[in-house]
Amino acid sequence: TVLLAWVITGQVLRPLHEVTATARRLSVESLDERLRLPGPRDEVAELADTFDAMLDRLQASFQAQRRFVANASHELRTPLAVVRTEVDVTLSDPAADEAELRRMAAVIGDATLRAQQLVDGLLLLARTEGGALRAREPADLVRLVGTAVRIVAPEVQTRGLRVTTRLMPAWTVGDPALLERVVGNLMENAVRHNTRGGWVEVSTDLVGSQVTLKVSSSGEVVEPEAVAALFEPFHRGGVARTAHDGAGLGLSIVRAVVAAHDGAVHAEPVPGGGLAVTVRLPAA
């Protein structure tokens with residue numbers, strides 16, 4: 001009887017031992033291993049399935065982190081290489097005069113500004129993806145849009161763009177500084193990824209328990225299947241999206257900030273060329 005009980009207990013506990021052994025073997029380098037426990041769908045199998053699902057999420061998170069670090073390193077390498085090259089070339093030229101030194105300083109200034117923008121964007125993205133907000137207070141999207149429009153006004157005039165607004169009262173609750181960055185990023189994208197003589201339309205509204213912010217603009221044709229990738233860090237779609245001095249973090253920051261505010265963001269191509277981005281946030 002004791003032997004029979006020992007055998008039965010061993011059979012029952014074997015799946016649990018497999019779960020424990022797998023957990024001990026796992027590391028960052030072996031997250032592709034799964035239990036996929038066979039047999040009846042009992043409590044132990046449910047535990048194993050839950051464990052496998054957790055591993056799926058962990059593996060996806062580590063892979064995303066690796067891609068992010070690799071992309072960040074690549075992006076930072078460019079401005080640093082520019083600085084090093086300019087310094088080396090100028091210092092090796094014994095005939096370098098004041099004009100050459102000023103030219104070098106201007107190039108280095110541009111490169112360091114790009115590096116600073118990238119680091120600032122990375123820090124903001126890391127902060128918002130953590131989901132913790134430093135402040136929760138009423139924020140007026142209409143006022144934030146007005147500020148963003150004034151900031152991009154010089155570039156709008158230079159590019160000959162036409163900006164129209166339809167602003168209905170839209171109050172939400174959250175971190176005003178982060179929400180300002182959402183509106184600012186969307187406006188900057190709409191202007192810088194536009195075509196000369198194009199248009200930008202901005203609207204806010206209150207729909208039920210949500211406020212909406214929509215920024216639409218003309219621009220190059222965006223394929224529907226390419227829209228999701230625009231929200232990935234360092235992604236720039238099309239020639240126009242690689243021509244400006246942005247760090248490629250604009251829409252990824254928008255997505256992270258909106259998620260931290262329990263909202264949602266959706267983008268879709270504009271027929272004929274351009275992009276429309278809609279942000280939905282809880283109303284105050």
Using a 7 Å offset from the Cα along the Cα-to-Cβ direction at both residue 24 and residue 112, what is the distance between the two label points in nm, to one decimal?
5.5 nm
Distance between the range 155-222 and the range 264-284 - C-alpha centres, whole angstrom:
9 Å
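Please list 43-50, 98-105 highest first by mean number of surrounding beta-carbon atoms within 10 Å per residue.
The packing order, highest mean first, is 43-50, 98-105.
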What ³J(HN,Hα) values, in whole Hz, does the Karplus curve 6.51 cos²θ - 1.76 cosθ + 1.60 give for the range 135-151 when θ = phi - 60°, with x put for Gly and Pro?
9, 9, 8, x, 9, 9, 5, 4, 5, 5, 5, x, 5, 5, 5, 5, 5
Would you please give the residues with an amide H less than 5 Å from that of residue 205, counting only those at least 5 places away or on a separate chain, with H modeled from the backbone geometry?
168, 212
Given R₀ = 35 Å, FRET efficiency for residue 77-residue 103 by Cβ-Cβ distance, to 0.05?
0.95
What is the distance, in nm, between label points placed 7 Å from the Cα along the Cα-to-Cβ direction at residue 220 and at residue 65?
3.4 nm
Amide H to amide H, which residues 5 or more places from residue 165 or on other chains are under 5 Å from it, using H placed in the peptide plane?
202
Using each residue's phi in the range 272-280, evaluate 6.51 cos²θ - 1.76 cosθ + 1.60 at θ = phi - 60° and report the 3J(HN,Hα) Karplus result to the nearest Hz, with x for Gly and Pro.
x, x, x, 9, 10, 10, 10, 10, 10
Once residue 34 and residue 120 are pulled to full extension, the length gained, defined as 0.36 nm per residue separation minus their Cα-Cα distance, is 27.2 nm
For a quick protection proxy, order the peptides 88-94, 257-263, 57-63 by their average other-Cβ count within 10 Å, most packed first.
257-263, 57-63, 88-94
Under a point spin-label approximation (7 Å from Cα along Cα-to-Cβ), what is the residue 150-residue 196 distance to one decimal in nm?
3.0 nm
Hey, can you rank 173-186, 197-210 by average C-beta count inside 10 Å, highest first?
173-186, 197-210
Using only C-alpha positions, report the orientation-averaged shadow area of the convex hull of the range 139-243, nm², one decimal.
7.2 nm²
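Readers should treat all values here as calculations from the given coordinates under stated rules, not as data from a laboratory. All figures in this text were calculated on a predicted structure; none of them were measured in a lab. Please note: Cβ atoms are built from the backbone with ideal geometry, for glycine as well, and neighbour counts cover all protein chains shown.
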